[in-house]
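In what follows, a single structure is set out as structure tokens and then discussed.
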Amino acid sequence: MADKNHRAWVEVDPEAVAHNYSIVRRMMPGKGIMPVVKADAYGHGMLSIARRLEQEHPSFFGVANAVEAQHLADAGLTTPPFILGPTPPEEREQIVAGSWGCTVSSIPEAQHFQRIAQGLHCVMSVHLALDTGMGREGFLPGELGEILPQLAAMDALRVDGVMSHFPVADEDEAFTRRQIELFEDCVAEVKRHFPSLRYVHTAASAGLLGFRVPSATLVRPGLMLYGVAPGSVAPPEPLRTTLRLLARVTLVRDLPAGHGVSYGRTFITPQPMRVATIGIGYADGWRRQLGGRGLRICVRGEMCPMLGRVTMDQIMADVSAVPGVQSGDVAELIGPHVPVERVAELAGTIPWDIFTGLGRRLPRTECAMRQVISSSSPFCEGNRF
Ligand SMILES: *Cc1c(COP(=O)(O)O)cnc(C)c1O
């Protein structure tokens, strides 16, 4: 667990992430996997997750930029990083020098990579990005006829892969089906110019759960590895919880009826209440939007309503129904009792945003989460803390 001086921290279980990875593995026999570890592995800590997943021999690590890729390389990880989005010119030397995976979306980008690779006397492998509906990067399908011969003529560039991305895999099945058909046509066209294409990929978590892409050789799961299945399609086996957000009770007091709690006095005690003050706030990524939404957090195994507004470093909760709560007790704010999906819904956002918004003030520690879930006694009772 965290240093005793920390009031709030994140516990992460890399073994649970590896378990969720193994579910993807079983769903996708014969396909490669690019676990997405961008944004500090969705707030879990990039290096501890990447180190554990490297034992599973992934094809690439999905990252957002060259800084993240360098972080992995510096830590001695040997799985190549793959930079998911378009790359600004300033990052490209480093990408070529590192032989990292990346996409190209335009001829000027491709020409720049070609010049850099020529200068370094190497051949740069790139994945062609296709915009089949996301509107974020890639060539449009109608451009392929013109650009494929141009790319084929660049001798220091090897088009090794084709990728695309689904904008509504968890929302619009008909659109996604049409998008897959379009993608399949594009892949066939690319293969006519680049017959030795090795990597074809388009599915993130929602895509791989809901759809089959016949030409795909690789999938790019992110959120699913972190225990959350987007959309309405359940994974074939239950995902394990990978992260808990915990914070200490700093004070417990009895308030009389009619007393305001927190800024704005948006909550007034309707009767006498035992109120716990807890050491976490919006500066830790515990969203201010959660105030007044009826979210319940877990204290001593009981679900306790959060009261009033979230402040920068502290929140309050009604612990009237929980005997014996005292200063130093640990509350769960995200975890097996308080699913991140619920927190996201009440904050008016998505689990990706809650995970990646967990603050820098929260230390990350590793722990085995399975014992916690399967234990009949609630985790926050006595001995664990
Ligand atoms: C972030 C990202 C992913 C992972 O998405 P999840 O929904 O978290 O599985 C996959 N592909 C691309 C291009 C991404 O940017």
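If each residue of separation counts as 0.36 nm, what is the full-extension length gain between Gln94 and Arg360 once their alpha-carbon separation is subtracted?
Full-extension gain reported as 93.1 nm.
Select from Leu243, Leu197, Leu223 the residue whose mean-square fluctuation is largest in a Gaussian network model of the chain (Cα-Cα springs shorter than 10 Å).
Evaluated over the chain, the most mobile residue of the options is Leu197.
D for the stretch 243-366, whole µm²/s, Stokes-Einstein with Kirkwood Rh over alpha-carbon pairs at 37 °C and 0.692 mPa s: what number?
After rounding, the answer is 228 µm²/s.
Per the Debye formula with a single identical scatterer at each Cα and no solvent contribution, what log10 I(q)/I(0) holds for the stretch 306-350 at q = 0.17, 0.18, 0.29 Å⁻¹?
-0.63, -0.71, -1.24
Would you mind computing, in nm to one decimal, how far apart the modelled labels at Glu237 and Arg25 are, each placed 7 Å from Cα along Cα→Cβ?
Each label point is offset 7 Å from its Cα along the Cβ direction, giving 0.9 nm.
Would you mind pulling out the separation of the Cα centroids of the stretch 285-364 and the stretch 176-226, in Å?
About 38 Å separates the Cα centre of the stretch 285-364 from the one of the stretch 176-226.
Once you have a ≥ b ≥ c as the square roots of the Cα gyration tensor eigenvalues for the stretch 1-107, tell me rounded if a/c is under 1.5, and otherwise prolate or oblate according to whether a/b is larger than b/c.
The shape class here is oblate.
Using a Debye calculation, one point per C-alpha and no hydration shell, please list log10 I(q)/I(0) for the stretch 241-315 at q = 0.20 Å⁻¹ in order.
For the stretch 241-315, the Cα-only Debye profile gives -0.90.
Would you mind giving the average projected area, over all directions, of the Cα convex hull of the chain in nm² with one decimal?
If I average the Cα hull's projected area over directions, I get 20.5 nm².
Of Asp254, Asp13, Asp329, which has the largest mean-square fluctuation in a 10 Å C-alpha GNM of the chain?
Asp254
Just His19, His165, His121 to compare: in a GNM of the chain, with alpha carbon springs under 10 Å, which one fluctuates most?
Top of the fluctuation ranking is His121.
Output wanted: per-residue J couplings in Hz (rounded whole) for the stretch 251-265, from phi through Karplus 6.51 cos²θ - 1.76 cosθ + 1.60, θ = phi - 60°, x for Gly and Pro.
6, 10, 9, 9, 9, x, 4, x, 9, x, 10, 6, 3, x, 6
Plugging the Kirkwood radius over Cα pairs into Stokes-Einstein for the stretch 127-268, at a temperature of 20 °C and a viscosity of 1.002 mPa s, what D comes out in µm²/s?
Answer, rounded: 116 µm²/s.
Could you tell me whether the stretch 14-226 comes out rounded, prolate or oblate from its Cα gyration tensor? Rule is a ≥ b ≥ c as square roots of the eigenvalues, rounded for a/c under 1.5, then prolate if a/b exceeds b/c, otherwise oblate.
Since a/c reaches 1.5 but b/c is at least a/b, the shape of the stretch 14-226 is classed as oblate.
Starting from the Cα gyration tensor of the stretch 188-259, take the square roots of the eigenvalues, sort them a ≥ b ≥ c, and report rounded, prolate or oblate (rounded when a/c is under 1.5, otherwise prolate if a/b is larger than b/c, else oblate).
Taking the square roots of the gyration eigenvalues as a ≥ b ≥ c, the stretch 188-259 is prolate.
State which stretch of the chain is the longest one without any exposed trypsin sites (Lys or Arg not before Pro), exposure meaning a DSSP loop state and at most 16 other Cβ atoms within 10 Å.
5-135
Please list, in chain and number order, the residues 5+ apart from Val162 or on another chain whose amide H is under 5 Å from its amide H, with Hs placed from the backbone.
The list, which skips near neighbours in sequence, is Leu128, Tyr199, Val200, His201.
Give me the number: length gained by fully extending Ala188 to Lys4, i.e. 0.36 nm times residue separation minus the C-alpha to C-alpha distance, one decimal in nm.
Stretched out fully, the Ala188 to Lys4 stretch lengthens by 60.4 nm.
Where the centre of each part is set by its Cα atoms, how far does the stretch 110-139 sit from the stretch 37-101, in angstrom?
17 Å
To check you understand DSSP bridge types, tell me what percent of the beta bridges within the chain (both residues inside) are antiparallel, rounded to 5.
The answer is about 55 percent antiparallel.
Each reported figure results from applying straightforward, stated rules to the coordinates on display, with no laboratory input. Since this is a predicted model, take the numbers as computed values, not measurements. Cβ coordinates were reconstructed from backbone atoms using ideal geometry, including for glycine residues, and neighbour counts include every protein chain displayed.
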